[in-house]
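Colleague: Sharing a structure here in structure tokens format.
No value in this document is a laboratory result; all are computed from the given coordinates. Source: prediction; values computed, not measured. All Cβ positions, even for glycine, are placed from backbone atoms using ideal geometry, and neighbour counts span all protein chains on display.
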Amino acid sequence: MALLEAKGITKIFGGLTAVNDVTLSVEEGSIVSVIGPNGAGKTTFFNVLTGIYKPERGSISFDGQELIGRRPDQIAATGIMRTFQNIRLFGNMTVLENVLIGMHARLNARLLPILASTGGVKREEAQARERARELLAYVGLHGKRDELAKNLPYGDQRRLEIARALAGSPKLILLDEPTAGMNPNETAEATNLIRRLRDERHVTVVLIEHDMRLVMSLSEHITVLDYGTKIAEGDANVIRSNPRVIEAYLGKGAAGHAA
């Protein structure tokens, strides 16, 4: 059974069909990419998977649970975490505090014990801080935990987003353009980190990405969207030689030449 099974997902805004009858199956322990030109519906599809948008049609099953109708925080609690195309950190909070926020769904303390500052609350807080420090070390930010998030270089902010997502102990992480704006060295480091998430942390990964070299080197399975519709899927060899994919990215002339 697939870890994530999205079937027939359709999302309409007014008269615009942003996602049209898209199906995606993600096996546990895999790295899957969703690619396509700008405006293809990729981020909208992620927003449906995480409960930000409710689809007009379709079903989403994750680890045997139906997700349609659940709030984003409820979906996060099932084990799906994500990053965003536009970085969404709390800029005036420290790097460590940003990671602690990612643990919210996994903490047990409630309001009255927190106000009373009980021993259990203090122990849980200490454990959370220790785990946050460990995650920051894992993504290469251990020495920057007390800096304000807004003061981090761009590549470090991307890594912080991943650390915050990991703080929720995900089974599946959705990465929306994780290397956008990075230089070649930062992209190579990010590629290695994504591979380590799967191999060392046993987290299944689905990513939206425009860097085709990264996509082809990392992905076991690739789904291609164009104008909200799935036009192709398969491994890297299948995708790179598909005329419809070439046409979507480069135009009909290029597709005809490839054929």
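Colleague: Could you work out the local net charge near residue 94, counting Lys and Arg as +1, Asp and Glu as -1, over the other residues with Cβ closer than 10 Å to its Cβ?
Modeller: Values: positive: 144, 145; negative: 97, 146, 147.
Charge balance in the 10 Å sphere: -1.
Colleague: Further question on the same structure: Please turn the phi angles of segment 9-15 into ³J(HN,Hα) values with the Karplus equation 6.51 cos²θ - 1.76 cosθ + 1.60 (θ = phi - 60°), one per residue in order, whole Hz, x for glycine and proline.
Modeller: Per residue, the Karplus-derived 3J(HN,Hα) values read 6, 10, 10, 10, 10, x, x Hz.
Colleague: Given charges of +1 on the Cβ of Lys and Arg and -1 on the Cβ of Asp and Glu, with all other atoms neutral, how large is the dipole of the chain about its Cα centre, in debye to the nearest 20?
Modeller: Taking the Cα centre of the chain as origin, the dipole is about 520 debye.
Colleague: Report the calculated FRET efficiency for residue 57 and residue 122 (r = Cβ-Cβ distance, R0 = 41 Å), to the nearest 0.05.
Modeller: My answer for the efficiency is 0.25.
Colleague: Net charge within 13 Å of residue 207 by Cβ-Cβ distance, Lys/Arg positive one each and Asp/Glu negative one each, not counting residue 207 itself?
Modeller: Local net charge: -1.
Colleague: Net charge around residue 83, counting only other residues with Cβ within less than 11 Å of its Cβ (Lys, Arg = +1; Asp, Glu = -1)?
Modeller: Here the charged neighbours net out to +2.
Colleague: Checking the table 11/171; 7/230; 11/150; 42/171; 54/230; 11/230 against a 23 Å threshold on Cα-Cα, which pairs fail?
Modeller: 11/171; 11/150
Colleague: Let me ask something else. Suppose a student asked you for the relative contact order of the chain, using Cα pairs under 8 Å spaced at least 6 residues apart; what percent would you report?
Modeller: Relative contact order, the chain: 26 percent.
Colleague: Can you tell me, using C-alpha contacts under 8 Å and at least 6 residues apart, the relative contact order of segment 154-227 as a whole percent?
Modeller: Computed value for segment 154-227: 34 percent relative contact order.
Colleague: Relative to the present Cα-Cα distance, how much length would full extension add between residue 249 and residue 183 at 0.36 nm per residue of separation?
Modeller: Once the chain is fully extended between residue 249 and residue 183, it gains 21.5 nm.
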